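Chemist: Once you've had a glance at the structure underneath, I'll fire off some questions.
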Amino acid sequence: MPRFAANLSMMFNEHPFLDRFDAAAKAGFTAVEFLFPYEHKPEEVAQRLERNGLKQVLFNLPPGDWNAGEKGFAARPEKFDDLRQSLHTALPYAEATGVRRLHMMAGIADRHDPKAVDAFKKSIEWAADFVGDHGIDIVIEPINGRDVPGYFLNDFMFARDIITELGIPNVGLQFDIYHCQILHGDVTMRLREMMPMIGHIQIAGVPSRNEPAGEELNYPFLFAELDRLGYDNYVGCEYRPAGDTVAGLGWFKPYAGVKV
Ligand SMILES: O=C(O)C(=O)[C@H](O)CO
Ligand SMILES: [Mg+2]
């Protein structure tokens, strides 16, 4: 049975960020993920995890000026110093929370520009080497162009090929089922093919990005497929609740309280 991590950037927005940990645990989650913890001190985040018995399964490296449209640096050759700095900023949070996976965003760049591709590979190599001694993996995630126009990594097969080419043991694919369905469809076959390189999975309803229930995708089938494929990490609930977070957790009831 899959284990689910609440995404605290999207869920439990009824509460201030640090209080979302308490709300997630109360609702039956045993793990959390979020985009960015950087407005809070590492020890404040760690304390919320500890007092709720929660596991931190993922967060993102600092992406630059998010509100100005920056979505990471990895494929931007002129931003390599920022990329390196983002790793230095994230590390104390990783150490405090015990997270084992960091999402490195690629940024806005042209996937067909060889300089961007080279920069992306160089960033992956540098980041994986930097966190490798700490037992941490780097994951990269294809994102659909409707949500993030101009995003460099907008193709699952391209991501697969880069991961295969680099062959770095602590680099994996962040397989967000929501993005896969929008970009390509054929989700089950792509999960089957890419499972050996998948480091993290995320879900949301398509097309709404609300609860993973009742729209274009048959999530109960996909959850059973993850079991058949032997996926044994957490599944991140990266969705925007349609209304109150807890009122929308009907889909989650059979899975509440399950730990890895
Ligand atoms: O947008 C997503 O799907 C993500 O997982 C990123 O971390 C944030 O853009
Ligand atoms: Mg995602």
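Chemist: Looking at this structure, is Ile163 open to solvent by 10 Å² or more (accessible area, probe 1.4 Å) and under 17 Å from the mean Cα position of the chain (by Cα)?
Modeler: yes
Chemist: Same structure again: Condition check: more than 12 Å from ligand 1 (Cβ to nearest atom) and at positive phi. Does Gly135 satisfy that?
Modeler: Answer is yes for this residue.
Chemist: Take Phe158 and tell me if it is away from ligand 1 (no atom under 13 Å from the Cβ) and out of contact with any helix residue (DSSP H, G or I) (no Cβ under 8 Å at 6 or more places or on another chain).
Modeler: Taking the combined requirement at face value, the residue satisfies it.
Chemist: Which number in (1) within 17 Å of the chain's Cα centre (by Cα); (2) surrounded by fewer than 17 Cβ atoms within 10 Å (Cβ to Cβ); (3) under 19 Å from Gly28 (Cβ atoms) marks the one condition that Met197 misses?
Modeler: (3)
Chemist: Quick one: which of Gly236, Gly250, Gly185 is open to solvent by less than 60 Å² (accessible area, probe 1.4 Å), small (Gly, Ala, Ser) and in contact with a strand residue (DSSP E or B) (Cβ under 6 Å, 6 or more places away or on another chain)?
Modeler: Answer to the check: Gly236.
The rows are residues; the columns are (1) over 16 Å from the mean Cα position of the chain (by Cα); (2) polar (S, T, N, Q).
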{"site": "Leu49", "(1), (2)": "yes, no"}
{"site": "Val57", "(1), (2)": "no, no"}
{"site": "Asn67", "(1), (2)": "yes, yes"}
{"site": "Ala74", "(1), (2)": "no, no"}
{"site": "Ala96", "(1), (2)": "yes, no"}
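Chemist: In segment 141-260, which strands (runs of 3 or more DSSP E) lie fully inside it and hold 1 or more residues that are farther than 23 Å from Arg20 by Cβ and touching a residue at least 12 places away in the same chain (Cβ under 8 Å)? Lay out the reasoning, then the answer.
Modeler: Details: elements: 171-176, 198-203, 234-237.
In segment 141-260, the matching strands (runs of 3 or more DSSP E) lie at 171-176, 198-203.
Chemist: Given (1) away from ligand 2 (no atom under 15 Å from the Cβ); (2) touching an Asp or Glu at 6+ places or on another chain (Cβ under 8 Å); (3) of a type in the set (Ser, Thr, Tyr), identify the lone condition not met by Ser123.
Modeler: So the condition that Ser123 fails would be (2).
Here is a yes/no grid of residues against (1) within 16 Å of ligand 1 (Cβ to nearest atom); (2) closer than 17 Å to Val57 by Cβ:
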position: Ser208; (1), (2): yes, no
position: Phe221; (1), (2): no, no
position: Ala224; (1), (2): no, no
position: Arg228; (1), (2): no, no
position: Asp232; (1), (2): no, yes
position: Gly248; (1), (2): no, no
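Chemist: Scan segment 91-113 and report the pairs whose first residue is under 25 Å from Gly69 (Cα atoms) and whose second residue is of a type in the set (Phe, Trp, Tyr) and more than 15 Å from ligand 1 (Cβ to nearest atom), with Cβ atoms within less than 7 Å and a gap of 6+ or a chain change.
Modeler: Ala106/Phe120; Arg111/Phe158
Chemist: Please work out which residue is least open to solvent (accessible area, probe 1.4 Å), limiting yourself to segment 124-140 and to residues that are in a helix (DSSP H, G or I) and in contact with a Pro (Cβ under 9 Å, 6 or more places away or on another chain).
Modeler: Ala128
Chemist: Then there's this: Can you find, within segment 100-114, the residue that is farthest from the chain's Cα centre (by Cα) among those that are crowded, with 18+ Cβ neighbours inside 10 Å, away from ligand 2 (no atom under 16 Å from the Cβ) and farther than 14 Å from Gln56 by Cα? Reasoning before the result, please.
Modeler: Filtering segment 100-114 down to residues crowded, with 18+ Cβ neighbours inside 10 Å leaves 100-109.
Next cut, away from ligand 2 (no atom under 16 Å from the Cβ) only: 100, 108-109.
Then drop every residue that is not farther than 14 Å from Gln56 by Cα, which leaves 108-109.
Numbers: Ile108: 18, Ala109: 20 Å.
Only one residue tops the list, namely Ala109.
The values are calculated or read from the model by the stated rules, or taken from the named source; none is laboratory data. Being a predicted model, the structure only gives us computed values, none of them experimental. Please note: Cβ atoms are built from the backbone with ideal geometry, for glycine as well, and neighbour counts cover all protein chains shown. Calculation scope for accessible area: heavy atoms of the full protein, side chains included, ligands and nucleic acids excluded. Shrake-Rupley method; radii C 1.70, N 1.55, O 1.52, S 1.80 Å.
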